[in-house]
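The values are calculated or read from the model by the stated rules, or taken from the named source; none is laboratory data. For clarity, every value in this text was computed on a predicted model and none was experimentally measured. Because the Cβ atoms are built from the backbone with ideal geometry, glycine has one as well, and the counts that use them run over all protein chains shown. Each accessible area value is taken on the protein alone, full model and side chains, heavy atoms only, with ligands, DNA and RNA left out. Shrake-Rupley method; radii C 1.70, N 1.55, O 1.52, S 1.80 Å.
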Amino acid sequence: FADLALQRYGEVREVAFIYYDLSRGGTIEKETGADLGFILHIDLPDWPRIIRYAAFQAKKVDGTSQLQKKQFQTLHSEFGNAAAYLFYDMGMQTLSPPMVLPAATLEDICKKDTGTQSFSVPLDKVDDGLPLSLWLFSHLAAEKVGIVAPTFDSAFQTFTRHLDRPFFYRNGRLAILSVGLPLQVTRNP
């Protein structure tokens, strides 16, 4: 990427992927409904500057997947159109890539199962989603979903604001993809 950027822009640009562990074991997931945050930062001369983030709840699926209603409602209310489920196909016959399904598309299924604390999502509904790699660029980078952040720090704070909580309340991971601008994130000691 650096070589191509030098040819195209006359300056070196970088791609950085940063993984930031917010967990250290705990249950902040109960407050946000998410166990993975993703920040996309694009800063290129011929592209509009983008800082957007989304939150995911990761779930295994093998024919079906069980989702907790309370967690679904928390995720959806906390992040709106930036809330999604990331399904990992565990079926040996299918082995689909990780699929992203917006939380809003599951609202009808959640409401249909009354009197229960969870609801079932079948594999064919999961297959209506998009592979994570495609979703990141066709939806998040294309600004169809996600929450706009005015600065990288404000997006980062969305996911790290709970780090001042006692150690046993924290849970989650954060992935950061920066295209065109190197980013450095320091760990909270």
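For this structure, a couple of remarks:
- Solvent-accessible area per residue, Å², over the stretch 67-150 with all protein chains present [probe radius 1.4 Å]: 53
- Protein accessible area in the stretch 33-151, 1.4 Å probe - carbon and sulfur %: 56
- Ranked by the mean number of other Cβ atoms within 10 Å of their residues, highest first, the peptides 39-47, 114-122 come out as 39-47, 114-122.
- Loop-resident GluC sites (Glu not before Pro) (DSSP state other than H, G, I, E or B) in the stretch 54-143 with no more than 15 further Cβ atoms inside 10 Å of their Cβ: 143.
- Charge context of residue 5, other residues only, Cβ under 10 angstrom, K/R +1, D/E -1: -1
- 3J(HN,Hα) along the stretch 148-158: 6, 10, x, 9, 4, 4, 5, 5, 4, 5, 4 Hz, from the Karplus curve 6.51 cos²θ - 1.76 cosθ + 1.60 with θ = phi - 60°, whole Hz, x for Gly and Pro.
- Calculated FRET efficiency, residue 3 to residue 114, Cβ-Cβ distance, R0 = 45 Å: about 0.20 to the nearest 0.05.
- Per-residue SASA remark: residue 183, around 30 Å² accessible (1.4 Å probe; ligands, DNA and RNA not included).
- Set 111/144; 59/144; 112/144; 60/144; 69/144; 70/112 screened for pairs whose C-alpha atoms are more than 21 Å apart: 111/144; 59/144; 112/144; 60/144; 69/144
- Of 181, 136, 6, the order by accessible heavy-atom surface (1.4 Å probe, DNA, RNA and ligands excluded), from most exposed downward, is 6, 181, 136.
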